[in-house]
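Asker: What follows is a structure written as structure tokens; I'll ask about it next.
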Amino acid sequence: MRDQQGRARLNLRRLDVSSHGDVPALVHEIRRQRGLEAEVLTPRQRELTMRLFGEPLPPVRSVERICREVQELGFSAVARFSRLLDEYELTPERLRVTEAELQEAHAKVSAEFLRTVRHVRERLFTFQTGLLYSDVVWRQNGEEIRVRYRPVRRVGIHIPGGSAAYPSTLLMTVVPAQAAGVREIAVIAPPTRFGSNNPELLAVCYELGIREVYRLGGAHGIAALAYGMEGLPRVDMIVGPGNLFVTLAKKYVFGTVGIDLLAGPTEVVILADDSAHPQYLAADLLAQAEHAPGSSILITWRAELLDAVQHALEEQLRCLERGELTRDSLERFGAFVRTQDADQAVDLANLLAPEHLQVCARQAEALLERVENAGAVFLGNTTPEAVGDYLAGPSHVLPTGGTARFASGLSANDFLRRTSVIRFDATALRREAEHIIRLATVEHLPAHAESVRVRLADLPSSATPTS
């Protein structure tokens, strides 16, 4: 369908759950497209998969083969994948970005950019430091129980670099780790103009004190971090977003290393009534869709709003630099959803459990009280999701694909390990012994019980429990 000027109309699907209320079916359809098992792939990714394996393996099996080869063969496997996937001839000498290159990039970028980086870094560090858990000590009647927190020793951070540069993601991952006290941070980014060849990205690394930067990305980069190889010591934890292959690789290596979360294609759900500005809503939907893939869903109980937003989308799309990619993303993964009322809209949002939830409605605070599942919530017409992407304080690395039902966004606390420390004196052990012995006996673990009895025999006075 075309408009009066002969331009193609945006083919954005519309779903009406106000009458039949088939919300579970809608949620299933949307999740099916965004889940880790779905092929949310660009044509180029499909082409590279065929080039790599010579057969149409699904993404899960492709990633398994990549990770196994890197684990077994180390650098030689990584170099092969880098050549075939990134079209980059990786050598041991070219693996790591030199400090001179980092310094040169830092000197090259504008003073205004560095001023923004320092401003954002200060905001993030202050906010993330305020979140940190503190040690807990409990003392009573001869018992001392402590819970102490210590940072992960070495962290690997993956920064995407396929279709756009993301210095903001570097800030949103490195700064929380630094706030937690992580001493060793290794950054990987693909050898592209948006990745490890990007001057702004390298300048932010230098500004943040990061000196370990590697020309790696994708599933092979994740495997290299997890297993280690010549020139890149293994890490203890991997964080950072990426495409489907990166996410599946993080899932595969989990257990060998820790990970932050399984962040898939980005998404926004917007709840809006007729107090929302159609131009604002269109801009926010486009901002998410331009990640390509990115899911943008508008939910409203005001049907008249949909046509106004459709018109605004089409007008704004014509001016976007990434207009065609954004249009494709909107048509594949976007939707307008009409609900019966605000209550049904919130119910749907909770089932979707989106990465980003914007609430642009008169009763935004009241609706927020009913929101149970969301990675981050943005309230009101003057709080675009971009505020969280670039500046606010919480990390923009958030759960996607419905995982906000059980997962939270990255924070400084994710880089802390919790250890319990327990000390009982003789009086405390004698007082609690019967309960320990009784439970051990019920579980048919007599050595556990005896480990208490043998101590009681050496303690002065009072009878020893025999249960």
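The values are calculated or read from the model by the stated rules, or taken from the named source; none is laboratory data. If you're wondering where the values come from, they're calculated on a predicted model, not measured in any experiment. Ideal geometry is used to build each Cβ from the backbone, glycine not excepted, and the neighbour counts take in all protein chains shown.
Asker: Before we move on, is Ala272 of a type outside the set (Phe, Trp, Tyr), under 30 Å from Asp135 (Cβ atoms), surrounded by 23 or more Cβ atoms within 10 Å (Cβ to Cβ) and at pLDDT 95 or above?
Answerer: No; evaluated as a whole, the condition is false for this residue.
Asker: Scan the range 242-253 and give yes if some residue there is out of contact with any helix residue (DSSP H, G or I) (no Cβ under 8 Å at 6 or more places or on another chain), assigned to a helix (DSSP H, G or I) and farther than 30 Å from Pro151 by Cβ, otherwise no.
Answerer: No: zero hits.
Asker: For the structure I just gave you, tell me whether Val70 is within 19 Å of Gly240 (Cβ to Cβ), modelled with pLDDT of 95 or more, not assigned by TED's automatic domain parsing to the domain that holds His220 and not aromatic (Phe, Trp, Tyr).
Answerer: yes
Asker: In contact with a helix residue (DSSP H, G or I) (Cβ under 9 Å, 6 or more places away or on another chain) and at pLDDT below 90: which single residue out of Leu367, Leu325 fits that description?
Answerer: Leu325
Asker: Does the range 362-412 hold any residues that are over 23 Å from Leu348 (Cα atoms), surrounded by 15 or more Cβ atoms within 10 Å (Cβ to Cβ) and of a type in the set (S, T, N, Q), and which are they?
Answerer: Those that are over 23 Å from Leu348 (Cα atoms), surrounded by 15 or more Cβ atoms within 10 Å (Cβ to Cβ) and of a type in the set (S, T, N, Q): Ser395, Ser411.
Asker: Further question on the same structure: Here are the criteria: (1) farther than 17 Å from Ile210 by Cα; (2) surrounded by 15 or more Cβ atoms within 10 Å (Cβ to Cβ). Tell me which single one Glu101 does not satisfy.
Answerer: Only one criterion is unmet by Glu101, namely (1).
Asker: Tell me whether the range 58-72 contains one or more residues that are in contact (Cβ under 8 Å) with a residue 60 or more places away in the chain and assigned to a loop (DSSP other than H, G, I, E, B).
Answerer: Within the range 58-72, none of the residues are in contact (Cβ under 8 Å) with a residue 60 or more places away in the chain and assigned to a loop (DSSP other than H, G, I, E, B).
Asker: Right, something else. Give, as residue ranges, the strands (runs of 3 or more DSSP E) completely inside the range 330-398 that count at least 1 residues that are under 29 Å from Ala177 (Cβ atoms).
Answerer: Result: 356-360, 376-379.
Asker: Just give me the residues in the range 233-269 being surrounded by fewer than 24 Cβ atoms within 10 Å (Cβ to Cβ) and among the small types (Gly, Ala, Ser), in sequence order.
Answerer: Gly255, Gly258, listed by residue number.
Asker: Hey, Gly209 hits all of (1) within 28 Å of Cys67 (Cα to Cα); (2) in a loop (DSSP other than H, G, I, E, B); (3) modelled with pLDDT of 95 or more but one; which does it fall short on?
Answerer: Failing condition for Gly209: (1).
Asker: Which strands (runs of 3 or more DSSP E) sit wholly inside the range 111-201 and have at least 3 residues that are in contact (Cβ under 8 Å) with a residue 24 or more places away in the chain?
Answerer: In the range 111-201, the matching strands (runs of 3 or more DSSP E) lie at 143-151, 154-158, 184-189.
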